[in-house]
Amino acid sequence: MATTLFMGRKCCYVLCLIFIFFLQQTNGATVQVGGAVGWTNFDLATSGPPDYATWASTQSLTVGDTLVFTFAPQYHNVYSLPTEAAYGSCDQAVATELTDGTTGSYSWAPTKGGIYYFACFKLVEGQGTHCEMGQKVAMVVKDGVAAPTIAPVVAPIPAPILPPVAAPVPAPALVPISAPVPAPAPVTETPALAPASSVVPGSVVGVPVPAPTPHENAGVLSSVPAWTALFLLSALVVLGI
């Protein structure tokens with residue numbers, strides 16, 4: 001998938017470059033040699049030959065642009081020179097004629113980048129050629145728009161597959177805790193008491209006690225303690241105590 005996407009984008013870039021190239025060929029800029037002065041050996045403003053070197057240094061000519069030479073018909077022509085040395089010496093022997101100047105105009109379109117040399121070889125009696133008088137120009141041509149850098153397409157990193165998340169188990173419902181019920185206090189049974197009048201010392205409660213039987217010597221026995229005390233008192237007196 002990533003390779004297909006990369007190839008698709010690369011094809012789009014190539015098509016765009018081809019379109020730009022043909023657009024430049026048909027809609028390139030038109031550069032007038034010498035500007036308003038044109039192609040001549042004499043500038044009325046300076047009363048001398050135009051300064052084509054200074055003018056050319058301000059131009060930016062690209063493949064697809066058109067260089068136009070405009071001049072008075074029959075008074076000028078256009079030649080191309082193959083090298084800088086031939087350009088410097090105005091060597092017409094190695095130059096190639098582009099137009100004899102009959103129409104008064106010549107258009108030239110570069111097909112590749114480089115430095116191109118042009119000159120006029122019309123003769124001036126007693127002064128040589130127009131090239132020797134300064135009617136010549138060297139034009140720098142650029143190849144055109146640089147191809148854009150195609151950045152590599154990085155395949156997206158797939159997201160990690162996470163295990164399904166189990167549904168949370170609901171917490172068990174809590175039974176409300178009742179307050180503790182206090183244990184009942186032990187009940188101590190109090191034994192029922194018999195009436196005081198019916199309780200005989202030394203008897204068991206609840207057990208009937210038989211009534212005492214009257215004794216025949218009860219009167220004599222009741223006087224024994226008294227006789228004993230009297231006897232003891234008498235003994236004390238006798239003994240002189």
#### Entry: Cβ-defined net charge surrounding C120, 12 Å radius [Lys, Arg +1; Asp, Glu -1]
-1
### Message
Cβ neighbours within 10 Å, averaged per peptide: list 28-34, 101-107 in order, most packed at the top.
### Response
28-34, 101-107
### Message
Highest mean first, how do 125-136, 41-52 rank when packing is the count of other Cβ atoms within 10 Å averaged over residues?
### Response
125-136, 41-52
### Query
Given 0.36 nm per residue, what is the gain on full extension from S107 to A29 after removing their alpha carbon distance, in nm?
26.9 nm
### Message
If each residue of separation counts as 0.36 nm, what is the full-extension length gain between D143 and S89 once their alpha-carbon separation is subtracted?
### Response
16.7 nm
### Task
Classify region 64-134 as rounded, prolate or oblate from the Cα gyration tensor: take a ≥ b ≥ c as the square roots of its eigenvalues, call it rounded if a/c is under 1.5, otherwise prolate when a/b beats b/c and oblate if not.
oblate
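Read the figures in this text as sums done on the coordinates, not as results from a lab. Because the structure is predicted, anything quoted here is derived from the model rather than measured. FYI the Cβ positions are ideal-geometry reconstructions off the backbone, even for glycines, and counts take in every protein chain you see.
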